[in-house]
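Q: Have a look at this one before I ask anything.
The values are calculated or read from the model by the stated rules, or taken from the named source; none is laboratory data. Computed from a predicted model, the values in this text were never measured in an experiment. Cβ placement follows ideal geometry from the backbone for every residue including glycine, while neighbour counts extend to all protein chains displayed. Ligands, DNA and RNA are stripped out before the accessible areas are found, and what is left, the full protein with its side chains, is counted by its heavy atoms. Shrake-Rupley method; radii C 1.70, N 1.55, O 1.52, S 1.80 Å.
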There are 2 protein chains.
Amino acid sequence: MSLKLESFLERKGFLEKFDNYLFDCDGVLWEGDHVFPGIIEAMQLLRNAGKKVFFVTNNSTKSREAFLQKFKKLGIEANLDEIFSSAVATAAYLKHILQFPADKKVYIIGMSGIQHELEAMDIRCCGGEADNGPFDNEIVKNDPEVGAVVVGLDTQVNYKKYNKAFTYLRNNTGCYFIMTNQDSTFPVHGTLQPGAGSIAAPLITALNRQPDAILGKPAQNMMDTIFAEYKLDRERTCMIGDRLDTDIDFGLKGGVETLCVLTGVTSEEEILSKENNIVPTYYIRGFADFVVEP
Amino acid sequence: MSLKLESFLERKGFLEKFDNYLFDCDGVLWEGDHVFPGIIEAMQLLRNAGKKVFFVTNNSTKSREAFLQKFKKLGIEANLDEIFSSAVATAAYLKHILQFPADKKVYIIGMSGIQHELEAMDIRCCGGEADNGPFDNEIVKNDPEVGAVVVGLDTQVNYKKYNKAFTYLRNNTGCYFIMTNQDSTFPVHGTLQPGAGSIAAPLITALNRQPDAILGKPAQNMMDTIFAEYKLDRERTCMIGDRLDTDIDFGLKGGVETLCVLTGVTSEEEILSKENNIVPTYYIRGFADFVVEP
């Protein structure tokens, strides 16, 4: 049973219980380019209390630097090494887990964030923004140097990219098929749009093959990286998010307590529903409620 | 057990057995814009013998008229009323089965063939080629007049089209979700490309919903139309194609005998494999073999 944080004392007890807070961003801190009222003050309250803060996002479209610019623009304090994205997780997975060979390259269906993070780890890549634009019925030739296809959200996705990715995965033995995350939709302007999980679906259908790896929440790659780098105490760590199937499941799988906010895609009814089996430890109307005085 | 037509007498017997021939086109008569050697003569042999010929294609990208032009260009005799495509079947299904209301319109992910055939049956439509081009992060507004989304092969598919189709299907109660056909791939220049079944996959994933109808082979809509219009004798009718899971299954479901050619995607090994349970009555190296003399 999830506990709703309603009183000042409950909120105070929550803040005293944890030293480390992992934050989902979209739906918790902001929606699109609009920061929720009270968030800047609530985040500053954590900073003033000496808490450690990490940002854990499935959004692969921006680089870490571009995220940092966004935090600055919205007035939320953040540091580069506190930001973890599914693009960073994908690059780290290729580099450290797969030990992706230097003579191979990655074909990208996705936006600049993926290419930026791959190149930051010295992984060669192609496709992505370079393949924006119409398909001219050109014959797609296989490129045997492509050793992995990475698919993330791509609002400039097109047939050329699908055709190339399909050709490489079909012809290159051992070519990895990797999804940055599997969110089928994401919220924009109070509605939903198809997400990375939907963008990858034509390849799954055409190849009749599931991806070899999916990096974003609820997969544990970002969790593992943070715990390995910062030696945090799991009992003093809380994951805060707005989605049960990504954020809260991510926290549960990582063995930390969880807080679900109601400023994103999840309603109070869904959290409390008998059908729901992804139950956060706590939930609250919005993270900005932490600045409400008694 | 499938019988291979190898001798002149076997081929002669086959031609005497049937009055009506349903042909798949791509992989049987031609590949892309390249007619197979001997096909023009083999087709003329059927015409000279007074056989009825129909062309039954899952290709929704061209209108009937455009197909007729292609037949002419390649030198194969054909008439407009012999041509049946998944785009024609989709338009007929909307018109006659769904009795699609005149105050509603169809949103198209697909190429000009679909729009042409819908308009030929006085069905209003939008999208399709009009939505080619990049996605400018525009907010997609729902259009309550959209009463159906039709998805076919679209080599100019983009995020704008997916976003619009998703929005209409999600918001408009009773909005039909229709696929022209479900081929996950199709052959081009000796290789494969993602087909209509793959193009529709992001909507299936984002909506977590299967389509309401799939019109192309092996579905029986084109078969039913041909038999209703031409009062053919099923026992004197043969379906000829290169794909087991579309063409041959289409014939089997329609209760007619079938001939699989080896000039397309299916190999002799696949036809004879123990795992294969879609068994054609006959198979032959290529349809052009019918002009080989004893």
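Q: Amide H neighbours of B:Lys62 under 5 Å, at least 5 residues apart or on other chains, H built in the peptide plane: list them.
A: Here B:Gly113 satisfy the definition.
Q: If you count, for each residue, the other Cβ atoms within 10 Å and average over each peptide, how do B:135-148, B:231-244 line up from highest to lowest?
A: Sorting B:135-148, B:231-244 by mean packing, highest first, produces B:231-244, B:135-148.
Q: About its Cα centre, how strong a charge dipole does region A:1-129 have in debye, to the nearest 20, once Lys and Arg get +1 and Asp and Glu get -1 at the Cβ?
A: With only Lys, Arg, Asp and Glu charged at Cβ, the dipole is about 140 debye.
Q: Kindly write out, for region B:120-133 in residue order, the coupling ³J(HN,Hα) from the Karplus curve 6.51 cos²θ - 1.76 cosθ + 1.60 (θ = phi - 60°), rounded to whole Hz, with x marking Gly and Pro.
A: Calculated HN-Hα couplings, in order: 5, 9, 6, 9, 6, 9, 8, x, x, 4, 5, 9, 4, x Hz.
Q: Enter the mean number of other protein chain beta carbons within 10 Å of the beta carbon of each residue in A:139-146, as an integer.
A: Mean partner shielding for this stretch: 1.
Q: Exceeding 21 Å between C-alpha atoms, which entries from my cross-link table qualify? They are A:Lys17/A:Lys274; A:Lys161/B:Lys161; A:Lys70/A:Lys160.
A: Violating the 21 Å limit, Cα to Cα: A:Lys17/A:Lys274; A:Lys70/A:Lys160.
Q: With just the Cα atoms defining each centre, how far is region A:98-172 from region A:7-34? Give it in Å.
A: 37
Q: Hey, which residue of B has the C-beta nearest the axis mapping B onto A, and what's the distance in Å?
A: Result for the B and A rotation: B:Ala201, 2.
Q: Calculate, for chain B, the solvent-accessible area per residue in square angstrom, rolling a 1.4 angstrom probe over the heavy atoms of the protein chains.
A: 42
Q: With contacts defined as alpha carbon pairs under 8 Å and 6 or more residues apart, what's the relative contact order of region A:158-294 in percent?
A: 16
Q: What does the charge dipole of region A:101-214 about its Cα centre add up to, to the nearest 20 debye, if the Cβ of each Lys and Arg holds +1 and the Cβ of each Asp and Glu holds -1?
A: My answer is approximately 340 debye.
Q: Give the relative contact order (percent, whole number) for chain A; include only Cα pairs under 8 Å separated by 6+ residues.
A: Relative CO of chain A lands at 22 percent.
Q: Could you derive backbone 3J(HN,Hα) for region B:271-280 from the dihedral phi with the Karplus parameters 6.51, -1.76 and 1.60 (θ = phi - 60°), listing whole Hz in sequence and x where the residue is Gly or Pro?
A: Karplus-based 3J(HN,Hα) across region B:271-280 equals 4, 8, 4, 5, 6, 6, 10, 10, 9, x Hz.
Q: List the residues of region B:185-199 whose accessible area drops by at least 20 Å² when all protein chains are present, compared with their chain alone, using a 1.4 Å probe and counting only protein heavy atoms.
A: B:Thr185, B:His189, B:Thr191, B:Leu192, B:Gln193, B:Pro194, B:Ser198
Q: Chain pair B, A: how much accessible area is buried, both chains summed, with a 1.4 Å probe, in Å² to 100?
A: Roughly 2500 Å² of accessible surface disappears when B and A pair.
Q: So for region B:54-178, taking the charge dipole from beta-carbon charges (+1 Lys/Arg, -1 Asp/Glu), which of B:Asn79, B:Cys175, B:Cys126 sits furthest toward the positive end?
A: Of the options given, the answer is B:Cys175.
Q: Taking amide H positions as placed in the peptide plane 1.01 Å from N, state which residues far from A:Asn181 in sequence (5 or more) or on other chains have amide H under 5 Å from it.
A: Under 5 Å from the amide H of A:Asn181 lie the amide H atoms of A:Leu215, A:Gly216, each far enough along the sequence or on another chain.
Q: Rounded to the nearest 5, what % of the DSSP beta bridges within chain A are antiparallel ones?
A: 15
Q: Something else about it: Taking a probe of 1.4 angstrom, what is the accessible area of B:Phe36 in Å², to the nearest 10?
A: Surface accessible to solvent at B:Phe36 totals approximately 30 Å².
Q: Assuming R0 = 35 Å, what is the FRET efficiency of B:Glu269 and A:Glu145, from their Cβ-Cβ distance, to the nearest 0.05?
A: Result of the calculation: an efficiency of 0.65.
Q: What average number of partner chain Cβ atoms lie no more than 10 Å from the Cβ of the residues making up B:162-175?
A: Counting other chains' Cβ atoms within 10 Å and averaging over B:162-175 gives 2.
Q: Given R₀ = 51 Å, what would the calculated FRET efficiency be for B:Ala130 paired with B:Glu293, taking r from the Cβ atoms and rounding to 0.05?
A: Taking R0 as 51 Å, the efficiency between B:Ala130 and B:Glu293 is 0.45.
Q: Right, next: Only four residue types carry charge here, +1 at the Cβ of Lys and Arg and -1 at the Cβ of Asp and Glu. Report the dipole size of the protein assembly as shown about the Cα centre in Debye, rounded to the nearest 20.
A: I would put it at about 20 debye.
Q: Counting only protein heavy atoms, what percent of the accessible surface of chain B is carbon or sulfur at a 1.4 Å probe?
A: 50
Q: May I have the extent of the alpha carbons of region B:171-273 along their three principal axes, as whole Å values ordered from largest to smallest?
A: 48, 37, 24
Q: Another one. Based on DSSP, what percent of beta bridges with both residues in region A:101-214 are antiparallel, to the nearest 5?
A: 20
Q: With a 1.4 Å probe and every protein chain left in place, tell me how much accessible area B:His189 has, in Å² to the nearest 10.
A: 110
Q: Check which residues have an amide H placed less than 5 Å from A:Val188's amide H, if you skip close sequence neighbours.
A: Hits under the 5 Å cutoff: A:Gln193.
Q: Then there's this: If I take every Cα pair under 8 Å that is 6 or more residues apart in region B:93-214, average their sequence separation and divide by the length, what percent do I get for the relative contact order?
A: That works out to 23 percent.
Q: A further question on this structure: As a test of the formula, what do you get for the protein assembly as shown when each DSSP H run with n ≥ 4 contributes -39,500 (n - 2.57) and the sum is divided by the residue count, at 222 nm and rounded to the nearest 500 deg cm²/dmol?
A: Mean residue ellipticity at 222 nm (helix-derived): -8500 deg cm²/dmol.
Q: Can you give the FRET efficiency to the nearest 0.05 for A:Val279 and A:Thr173, using r as the Cβ-Cβ distance and R₀ = 41 Å?
A: Efficiency, from the Cβ-Cβ distance: 0.40.
Q: Which order do A:Ser184, A:Ser2 take when ranked by solvent-accessible area (1.4 Å probe, heavy atoms of all protein chains), largest first?
A: Highest to lowest solvent-accessible surface, that is A:Ser184, A:Ser2.
Q: Further, regarding this structure: Summarise the partner chain shielding of A:153-160 as one whole number: the mean count of Cβ atoms from other chains within 10 Å of each residue's Cβ.
A: Rounded to a whole number, the mean comes out at 5.
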